[in-house]
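Peer 1: First, the structure itself, so that you have it in front of you.
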Amino acid sequence: MTQPLLILNARAALPEGTAAPCWIVCQDGHIAGIGSDAPPILPDAEILDAQGGLVLPGFIDVHTHGGMLHDTMDASPDTLPSLSAFYAQHG
């Protein structure tokens, strides 16, 4: 388990709209909590003051030209299962 990250004074882009001001806790690469009340007390957390900045989720670039010696330009449906498994394992 990694050290938690506590982001304070943020504006968070959420499905229902923007929450401001709010706090966000990240743990092990995932968002573990978001709130607009008093932030949790996490003595071992790294603290980041967002200074009112907008916090967005990480975006994933799905653009690819292939992998594992397969070229997506070949348009072969036979290569899709192995490419899918490769990307699921390695991102």
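Peer 1: Please find, within segment 63-74, the residue that is least open to solvent (accessible area, probe 1.4 Å) out of those that are out of contact with any helix residue (DSSP H, G or I) (no Cβ under 7 Å at 6 or more places or on another chain) and either within 17 Å of Ile24 (Cα to Cα) or outside any strand (DSSP E or B) (or both).
Peer 2: The residue in question is Thr72.
Peer 1: Any residue at all in segment 28-45 that is touching a strand residue (DSSP E or B) at 6+ places or on another chain (Cβ under 8 Å), closer than 20 Å to Pro4 by Cα, aliphatic (A, V, I, L, M) and open to solvent by 90 Å² or more (accessible area, probe 1.4 Å)?
Peer 2: yes
Peer 1: Also: Here are the criteria: (1) in contact with a Leu (Cβ under 7 Å, 6 or more places away or on another chain); (2) surrounded by fewer than 15 Cβ atoms within 10 Å (Cβ to Cβ). Tell me which single one Leu6 does not satisfy.
Peer 2: (2)
Peer 1: Among the residues of segment 29-82, which ones are at positive phi and of a type outside the set (Gly, Ala, Ser)?
Peer 2: Gln51, Met68, Leu69
Peer 1: In addition: Please return the ranges of strands (runs of 3 or more DSSP E) entirely within segment 1-62 where 1 or more residues are without any contact (Cβ under 8 Å) to a residue 40 or more places away in the chain.
Peer 2: It comes to 5-14, 17-27, 30-35.
Peer 1: Among the residues of segment 75-86, write down those that are open to solvent by 70 Å² or more (accessible area, probe 1.4 Å) and of a type outside the set (Gly, Ala, Ser).
Peer 2: Scanning segment 75-86 gives Pro77, Asp78, Leu80, Pro81.
The values are calculated or read from the model by the stated rules, or taken from the named source; none is laboratory data. Remember, predicted model here, so these are calculated numbers, not experimental data. FYI the Cβ positions are ideal-geometry reconstructions off the backbone, even for glycines, and counts take in every protein chain you see. Note: accessible area is taken over every heavy atom of the protein model, side chains too, but ligands, DNA and RNA are not part of it. Shrake-Rupley method; radii C 1.70, N 1.55, O 1.52, S 1.80 Å.
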